[in-house]
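Read through the structure below, which is laid out as structure tokens, and then see the notes.
Just so it is clear, none of the values below were taken in a lab; they were calculated from the coordinates. Predicted model, so just to flag it, every value in this text is computed and none were measured. Backbone-built Cβ (ideal geometry, glycine too); neighbour counts: all protein chains shown.
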């Protein structure tokens with residue numbers, strides 16, 4: 001491909017990807033309600049969001065769910081990555097194929113399967129079911145991030161530590177975890193973003209008493225124009241963008 | 001000391017195994033089981049076991065929905081492939097230093113809220129949207145085109161959200177391609193098009209299948225894209241499943257549709273492993289071959 005054509009094509013695709021996002025962000029500062037004309041710069045939609053108790057509760061709920069889900073997923077996922085990397089055990093192939101399957105399963109299938117299992121186990125729909133659901137779809141991302149970092153390790157170091165009498169858990173705390181920390185942190189940030197942005201799984205496993213922000217946005221967008229949605233959307237976009245950039249910088253360091 | 005080593009190992013393996021068994025493996029079995037149960041107004045589902053739900057998916061109305069959903073998702077998939085393949089090729093042909101940057105720019109939106117980005121497309125396609133205003137301003141049209149709430153809008157939205165999933169596997173397949181194969185074919189007189197069809201495409205087929213899988217299956221489930229861009233029509237399988245589960249409360253019927261998705265996933269995985277085996281057999285010029 002000729003370089004001009006190549007750059008032109010890439011530029012075009014990237015422009016198409018980013019223009020809608022840009023238009024949305026600009027409109028969140030547009031004083032004109034319907035976003036048809038530029039009515040001057042304003043923060044009033046952000047203020048409306050700030051002063052809307054229902055929306056703020058939903059935002060706080062979302063934050064709580066995401067922090068709890070990301071943290072639990074990071075603990076379980078990091079341990080699982082260490083296990084898959086370091087140990088031989090019965091059912092290892094089964095475990096890694098479950099990770100693989102849960103990554104590929106369409107979200108809608110995961111959503112209804114979780115809903116069914118919550119009913120079967122008698123877990124009430126609400127905070128707990130949301131957290132369990134979010135941990136489940138974050139888990140494989142943490143495992144893959146930490147596992148690929150561990151693969152780059154020099155295993156001889158661990159063997160040396162063991163020969164010198166270090167216990168398995170002190171090898172983990174003193175060697176593996178410090179070395180894998182950037183990937184662990186990245187795993188947490190990615191899980192947090194995935195959780196904060198999720199619609200499909202949440203739509204199925206949330207209960208009437210526990211509202212979260214993406215679902216609020218979804219129902220607001222469906223009924224029509226409400227400009228504070230632009231403000232909320234912009235905040236959500238900026239939060240994810242910042243976190244993802246940080247996580248990618250963390251993951252890059254060792255390459 | 002032995003026991004503490006055993007304990008750490010126990011928790012490291014145990015936690016994830018239990019979690020995934022309880023919330024991935026077991027639930028998927030329950031979906032399959034539910035699809036064979038009978039709807040029950042009190043207990044949601046009950047015995048007897050039967051295949052009625054599957055028989056009902058063959059109803060003309062639902063076959064139509066299935067077909068529409070599959071067709072739209074397939075169109076989105078093809079469109080993503082047509083844009084994604086040259087895009088991935090363009091990235092691979094860049095200097096090594098630039099490749100991760102462009103790749104990152106494509107993947108970045110994946111991590112942002114896809115509902116919000118779907119909503120953003122409304123600004124572009126609406127009657128008062130960017131496209132219509134530009135076309136009106138330039139005098140190409142007299143009244144706004146109906147772009148929003150059409151099947152076209154849904155397909156476009158699916159492509160917009162799912163393009164990164166296509167580019168990523170294609171990029172890693174293309175990156176592995178051995179340039180020496182191209183040089184050899186060129187020396188033997190093969191033109192660029194023939195090299196593309198006989199070398200590039202077959203050797204990147206696992207990437208192509210993986211990309212298609214990662215676009216097609218999620219596409220069928222994305223109910224909010226069809227809701228926001230297609231109007232209140234049940235255009236995608238995801239909408240049907242959602243209606244069956246959350247409104248009609250016919251879980252066996254909704255499960256049957258999900259099982260169709262799982263079967264499709266299985267089929268595409270089979271296709272992927274076949275393609276991967278083909279490449280590892282026919283891939284030729286690995287370092288070890290010299």
- Message: Run the numbers for residue B:58 and residue B:134: contour at 0.36 nm per residue of separation, minus the present Cα-Cα distance, in nm.
- Response: 22.9 nm
- Item | Taking all pairs of distinct alpha-carbon atoms in chain A, Kirkwood radius in angstrom | 20.9 Å
- Message: I want to verify the translational diffusion coefficient of the protein assembly as shown in µm²/s; compute it with Stokes-Einstein, Rh as the Kirkwood radius over Cα pairs, at 37 °C and 0.692 mPa s.
- Response: 130 µm²/s
- Listed residues A:169, A:71, A:32, most fluctuating in chain A (Gaussian network, C-alpha, under 10 Å): A:169
- Of B:246, B:177, B:264, the most mobile residue in a GNM of chain B (C-alpha springs, cutoff 10 Å) is B:246
- Label model pair residue B:7, residue B:93: point-to-point distance (7 angstrom along the Cα→beta-carbon line) in nm is 6.1 nm
- Task: Per residue of A:196-204, count partner chain C-beta atoms within 10 Å of its C-beta, then hand back the mean as an integer.
- Result: 4
- Message: Compute the distance from the alpha-carbon center of region A:1-52 to that of region B:66-113, in whole Å.
- Response: 21 Å
- Evaluate the relative contact order of chain B (contact order divided by residue number), counting alpha-carbon pairs under 8 angstrom at least 6 apart; express in whole percent. 26 percent
- Note on the structure: The relative contact order of chain A, taking Cα pairs under 8 Å that sit 6 or more residues apart, comes to a percentage of 31 percent
- Task: Alpha carbons only, please: Rg and Dmax for region A:113-179, in angstrom.
- Result: 18.5, 51
- Task: Compute the distance in nm between two label points, each set 7 Å from the Cα along the Cα-to-Cβ direction, one at residue A:88 and one at residue A:222.
- Result: 5.3 nm
- Task: Starting from the Cα of residue A:128, step 7 Å toward the Cβ, then list every residue of region B:17-41 with an amide N under 18 Å from that point.
- Result: B:19-20, B:22-24, B:27
- Message: Calculate the FRET efficiency for residue A:31 and residue A:164 from the Cβ-Cβ distance with a Förster distance of 60 Å, rounded to the nearest 0.05.
- Response: 0.30
- Compute the whole-percent fraction of alpha carbon pairs in region A:48-159 spaced more than 17 Å apart. 65 percent
- Any idea how far the Cα center of region B:5-50 sits from the one of region A:84-111, in Å? 14 Å
- Shielding score for A:20-28, defined as the mean number of other chain Cβ atoms within 10 Å: 5
- Query: GNM, chain A, Cα, under 10 Å: largest mean-square fluctuation among A:241, A:189, A:164?
  - Reply: A:164
- Message: As an exercise, use a Förster radius of 22 Å and the Cβ-Cβ distance of residue A:48 and residue B:127 to find the FRET efficiency, rounded to the nearest 0.05.
- Response: 0.30
- Using the Kirkwood radius built from alpha carbon pairs, what does the Stokes-Einstein equation give as D for region B:126-246 at 37 °C and 0.692 mPa s, in µm² per second? 186 µm²/s
- Task: Put one equal scatterer on each alpha carbon of region B:96-146, apply the Debye formula with no solvent term, and list log10 I(q)/I(0) at q = 0.16, 0.33 1/Å to two decimals.
- Result: -0.64, -1.11
- Message: Quick check: residue separation of residue A:120 and residue A:9 times 0.36 nm, minus the Cα distance between them. What number comes out in nm?
- Response: 34.8 nm
- Query: What's the FRET efficiency of residue B:233 with residue A:148 using the Cβ-Cβ distance as r and R₀ = 45 Å, to the nearest 0.05?
  - Reply: 0.60
- Query: residue B:179 label point, 7 Å along Cα→Cβ, cut-off 20 Å on backbone N: hits in region B:77-98?
  - Reply: B:86-98
